[in-house]
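Only one structure is covered here, and it is reproduced in the block below.
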Amino acid sequence: MRFNLLNRLFPVIIIFIVSLSTARADDFRKGEKTIGVEVGYNSFNESAVTGITFSYRFNRLLRIAPNVQYVFRNNQTDAFIFNCDFHVPFKIKTSRVELFPLAGVCYASWNHHGLDGIRTISDDVSSRDSQFGINVGGGIGFKCSGNLRLFAEGRYSFVRDYNNTSILAGIAYSF
């Protein structure tokens, strides 16, 4: 298991973010849906990640947020990751900002290229390793206008042989 500075500091950052919040989210309405794009960094292969995200708010304190991500190839590995997270948003002092811890499940499918020294690009399923895992993390959301949301989040994924940290930022349309 690889431990780098980002993996060690991640739990401390999440605890700090959650401690700044209050338990209100009045400005965000029940049934609110968002769809958006996200970009960021994945620590497993030290590469960029991009994705499409959706969220649905059940009530003022619970939101489901599935997303699909592609981790770009670096160190001869790339991946598709499917996450289904639950957010518990907390409004902070201003009505436009919310913090949220998150927890959920993921399915990560990592592809290894050039393992035999001959292949450089392979669609062979033997070069793909797929695992289920658990996500924990947190983030911050900013309501720019009635329909525009900006967000940033950090997530640690516990996946056998593929534990990783993802730091993401994105923009979403709310409807």
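The values are calculated or read from the model by the stated rules, or taken from the named source; none is laboratory data. Computed from a predicted structure; not experimentally measured. FYI the Cβ positions are ideal-geometry reconstructions off the backbone, even for glycines, and counts take in every protein chain you see. For the accessible areas, the whole protein counts, side chains as well, though only heavy atoms, and no ligand, DNA or RNA atoms are used. Shrake-Rupley method; radii C 1.70, N 1.55, O 1.52, S 1.80 Å.
Largest to smallest in accessible area, the residues Glu153, Glu46 fall in the order Glu46, Glu153 (1.4 Å probe, all protein chains included). In plain terms, the chain from Glu32 to Leu150 could stretch by 41.0 nm, reckoned as 0.36 nm per residue minus the Cα-Cα distance. Phi angles across segment 74-82 convert, under the Karplus curve 6.51 cos²θ - 1.76 cosθ + 1.60 with θ = phi - 60°, into 3J(HN,Hα) values of 7, 6, 6, 9, 9, 7, 10, 10, 10 Hz, Gly and Pro given as x. Summing Lys, Arg as +1 and Asp, Glu as -1, what charge do residues with Cβ under 11 Å from the Cβ of Asn135 carry, Asn135 excluded? Its environment carries a net charge of -1. Relative to the current alpha-carbon distance between Val105 and Ile92, full extension at 0.36 nm per residue lengthens the span by 2.0 nm. With the whole protein complex present, Lys33 retains an accessible surface near 70 Å², based on a 1.4 Å probe.
Using the Karplus relation 6.51 cos²θ - 1.76 cosθ + 1.60 with θ = phi - 60°, the per-residue 3J(HN,Hα) values for segment 65-73 come to 9, x, 8, 10, 10, 10, 9, 5, 5 Hz, with x marking Gly and Pro. Taking every protein chain into account, the 1.4 Å probe leaves Phe44 with about 40 Å² of accessible area, to the nearest ten. Along the axis of the charge dipole computed for segment 58-100 (Cβ charges of +1 for Lys and Arg, -1 for Asp and Glu, origin at the Cα centre), the listed residues Phe82, Tyr70, Leu99 are led at the positive end by Leu99.
Karplus-based coupling profile of segment 146-153, in residue order and whole Hz: x, 10, 10, 10, 10, 8, 9, 8, with θ = phi - 60° in 6.51 cos²θ - 1.76 cosθ + 1.60 and x standing for Gly or Pro.
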